[in-house]
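The values are calculated or read from the model by the stated rules, or taken from the named source; none is laboratory data. Keep in mind it's a predicted model, so treat the numbers as computed, not measured. Note that we place each Cβ from the backbone using ideal geometry, even for glycine, and neighbour counts take in every protein chain shown. What goes into the accessible areas is simple: the full protein's heavy atoms, side chains included, and nothing from ligands, DNA or RNA. Shrake-Rupley method; radii C 1.70, N 1.55, O 1.52, S 1.80 Å.
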Amino acid sequence: MLTALEIARGLAYLHHPDRRMVHRDLSAANVLLATAAGDERGFRALLSDFGGWTCHAAQAVRAAASFAGV
């Protein structure tokens, strides 16, 4: 369960309003397990492979919301 939480936190970091990034290729192959001595599991989960990411500029998001009538 902690691994899923770490992945979710990574996605939350990417989706922050200051970044507005979308991974677009999240899969088990794109989650790295890095050694973490302080963790009871001995590892922590990290997101990788940002080749397919998209950045949504704040202006584009506002324009799309305005066009949709939101």
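Some notes on this structure:
- Leu32-His16 pseudo-label distance in nm [points 7 Å out on the Cα-to-Cβ vector]: 1.9
- Solvent-accessible surface (1.4 angstrom probe) belonging to His23, in square angstrom, nearest 10: 10
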